[in-house]
Every structure is written in structure tokens, then in C-alpha cells.
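The structure appears below as C-alpha cells.
The values are calculated or read from the model by the stated rules, or taken from the named source; none is laboratory data. What you are looking at is a predicted structure, and each value in this text was computed from that prediction instead of being measured. As a convention, Cβ positions derive from the backbone with ideal geometry for all residues, glycine included, and neighbour counts pool all protein chains shown.
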Amino acid sequence: MAFPATRLRRLRKTEALRSLVRETRLSPANFVYPLFVCPGEGVRKEVRSMPGVYNLSVDQAVREAGEAGGLGVPAVILFGLPESKDEFASGAYDDAGIVQRAMRAIKAEVPGMLVIGDVCLCEYTSHGHCGIVRPTIPAQRRALMDAPADVRRRAMQTAAATAPRGPVTMEAVVDSAAAAMARSPEQHFEVTNDATLELLARTAVSQARAGADIIAPSDMMDGRVAAIRAALDGNGFEETPVLSYAAKFASAFYGPFREAADSAPQFGDRRSYQMDGANLREAMREIEEDLHEGADMIMVKPALAYLDVIAEARRRFDVPVAAYQVSGEYAMIEAAAHHGWIDRGRIVLETLTSIRRAGADIILTYFAKDAARMLT
Ligand SMILES: [Zn+2]
């Protein structure tokens, strides 16, 4: 049947009709509200690049969680700004750590509020990476020394070709390689995978002990879901679900978060462990692996630039899918709204609806409270 018998506009005539046939519904019940917890008392320090988002001391985090709960938002996710940082991220798995204290307080004072623990090390490491960092020069030096004669000969020929003056010794080759690596720090260091797993697992158990309802690893190490699941089970937390940041892309949209959580890497970037933004099929492999390792729910992050990834995840996997509308997505809307260039409220609801329509059941969003207010 075609026009004029078919007229799609018939069902758009009034808000009542539009509402009746609406395919995607947005509700505060879909939202998770991220909170950044810092030391002190009565602290509410606005994040410069995220107006309306604050570093909150535990008492203020409790207040925010209570307010969100009152608006129908069922969950908060906690990030921590510890008093001090070190190479081994000890603040992450300290039972008296900042996030653990906030968890206990929110669980005690905001009944019914789900508390999600973000599990990563970058907020707690002095270097700002998500895992244990070790220098690669000694390893490469050793590898070159131990290499077969022909490999060494080729390395020396290359060195001779680039530095033709003077005798070329093995030491000189290694030293020039080391000097080159020192000039590009991301090659100079590597974030080790397997050594990091134990610390992530410890962090998860410590958060579960503090009352976390859901454990959400965001580090992108291989095998971390299995390590965390085993540690939780081994410590009596068989019933604590894991929401894995399964497809977390290395993204420029995280910029403002790094200010909010004070977690910018001090050297290099995160591209050796977070995903390449160009890869959809690899994202599906990441999700498959995490589910295989025992994840109960999976997440795609960021959201708006990765709606196709959310849609494909929804199509392929019958588990709850979460999406994180990240700091850069928030900051862009806030900035444009501040200038009066866009209608903030409508853009907020439109972007959140697009994330739901793509297939996300759960949306982590800094707009949680505002959007909840608009929806009720
Ligand atoms: Zn991290």
C-alpha cells in the first residue's frame, strides 16, 4: 500500500499518538551516575572542563547519591582521587581507600542505591597508566645480546649505515637503540599485562568487601575478567556480578575525565591496551572473550561515536549492554549550550535516546540527574 493510502504522518499528529507508538523509551531507570570521590570533608570542587561535575568528599558523594536516588536513578559508579599515588597503585586495593570508604558510606546511608566499583589502577598509579609499568630497554638489550649471530650482524650493519664514523660495536648498537627509545617514552616503557591482573583482582575483592554491588573493570588488560571472577569467588563473592568495559576504545573523548579523576598518563598514551577506534570486529572479539571469562554484562565506551558498536553488540550477545556517554561527550554539549548554540535539554535527551535506540540497556552519564528531572 502506498501514498495516498499510506500516510505515516497520521501517527505523528499529537503527543499522545507519538507517545503511544514510540519505539525507544528513556527512563531514569536506565541511568548510572558517575561520581568522583576525593579526600576531605564538605568538598565540592567543580571540574573545570566539566561544569556541573564535581570532585566530592565522601559526605558530599553520599548527598549526590541520595539526590540521584530520589530522582529514580538506580546506580552510581565511583572513581577515586586518592591522597597519594605510587607505582603499584596501592590506593586502589586499600580497604580504607577513598572509594572503599565512599562505598561503605553510600551503602549505609542511601538504601537501595546500587554502587558500582570501577576497577582500574590509573587513578592510583604515579605514572597514570592502567597497570604495572616496566621499562623495556633492559629486556630489549638482553634480547639483542642473546639474538642469533645473523640478527646481530644485521643490527650492526644498520647502525653502521646510519652512523658511518668510528668502529661499530655491539654496545654502540644497543646504546643507540636505547637512546632512540628514551626519546619516545611510549616505547621505552610497557604496561605489563599479567602482573597487573593480580592487583586488579585485589582491587575488586576490596571493593566487594566495602559493599560494591557490581564490579566494573575498565583497564583493558587481557584476562582480567577471569582473574577478577576467580578472586571474587575465592573470597565469598560468588554473587557479585561483573560489568566489563569490554570494548573500550582509545579515545580523545576521555580528555575532561582525566582532569576529573586526575589520571592522565605521565608519558605515552593508552593505545597499547585500549582498542583502536577503527575496529568493530575486534570489539566483538573483546566482548566474546569477556563473556567467556565470566562477565555478566558488557560495556561499550565511548557511546556517541560508537553507536554502531553498541548496535552490533546488542545484535550478537544476549546480555545486558551498557554504554558510557563519556566526559568529552558531556563537555561538548555543555560548552555549546553555554554559548547558546544548542538547546541543551533537547540535545541531552536526543543523544541519550540514540544510545538507547542503538541497543544499550544501561547508560552511564553525567547528565543522569538532569535527564531524570526532564523525564519526570
Ligand atoms: Zn585506567
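Just a few scattered comments:
- Among the candidates 291, 307, 352, the residue that is out of contact with any Gly (no Cβ under 9 Å at 6 or more places or on another chain), in a helix (DSSP H, G or I), farther than 18 Å from residue 218 by Cβ and not hydroxyl-bearing (Ser, Thr, Tyr) is uniquely 352.
- Test for residue 112: is it farther than 26 Å from residue 193 by Cβ and either buried (at least 19 other Cβ atoms within 10 Å of the Cβ) or not β-branched (Val, Ile, Thr) (or both): yes
- Of the helices (runs of 4 or more DSSP H) lying entirely inside region 1-119, those carrying at least 2 residues that are farther than 30 Å from residue 228 by Cα are 15-20, 58-70.
- Just one of the listed residues (61, 2, 65) is surrounded by 12 or more Cβ atoms within 10 Å (Cβ to Cβ) and under 29 Å from residue 357 (Cα atoms), and it is 65.
- In region 70-112, residue farthest from residue 130 (Cα to Cα) [restricted to those that are acidic (Asp, Glu) and free of Cβ contacts under 8 Å to residues at least 60 places away in the same chain]: 109
- Residue 244 falls short on exactly one of the conditions (1) more than 16 Å from the ligand (Cβ to nearest atom); (2) at pLDDT 95 or above, and that condition is (1).
- Filtering region 324-342 to residues that are over 12 Å from residue 254 (Cβ atoms) and of a type in the set (Phe, Trp, Tyr) leaves only 341.
- Residue that is surrounded by the fewest Cβ atoms within 10 Å (Cβ to Cβ) [pool: residues in region 343-376 that are free of Cβ contacts under 8 Å to residues at least 60 places away in the same chain, over 27 Å from residue 55 (Cβ atoms) and not small (Gly, Ala, Ser)]: 346
- Taken as a whole, the structure leaves residue 54 outside the set of residues that are within 28 Å of residue 197 (Cα to Cα) and aromatic (Phe, Trp, Tyr).
Per-residue answers, yes or no, for (1) surrounded by fewer than 21 Cβ atoms within 10 Å (Cβ to Cβ); (2) basic (Lys, Arg); (3) not assigned by TED's automatic domain parsing to the domain that holds residue 82:
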{"residue": "9", "(1), (2), (3)": "yes, yes, yes"}
{"residue": "14", "(1), (2), (3)": "yes, no, yes"}
{"residue": "18", "(1), (2), (3)": "yes, yes, yes"}
{"residue": "29", "(1), (2), (3)": "yes, no, no"}
{"residue": "36", "(1), (2), (3)": "no, no, no"}
{"residue": "43", "(1), (2), (3)": "yes, no, no"}
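- Filtered residues of region 236-254 (kept if of a type outside the set (Ser, Thr, Tyr) and crowded, with 16+ Cβ neighbours inside 10 Å): 237, 241, 242, 243, 246, 247, 248, 249, 253
- Residue within region 268-289 that is in contact (Cβ under 8 Å) with a residue 60 or more places away in the chain, more than 17 Å from the chain's Cα centre (by Cα) and surrounded by fewer than 19 Cβ atoms within 10 Å (Cβ to Cβ) present: yes
- Being within 15 Å of the ligand (Cβ to nearest atom) and either touching a Leu at 6+ places or on another chain (Cβ under 6 Å) or touching a residue at least 24 places away in the same chain (Cβ under 8 Å) (or both) holds for only one residue in 62, 119, 53, and it is 119.
- Taken together, the residues in region 218-232 that are within 14 Å of the ligand (Cβ to nearest atom) and outside any loop (DSSP other than H, G, I, E, B) amount to 1.
- Here residue 166 meets the list (1) outside any helix (DSSP H, G or I); (2) at pLDDT 95 or above almost entirely, failing just condition (2).
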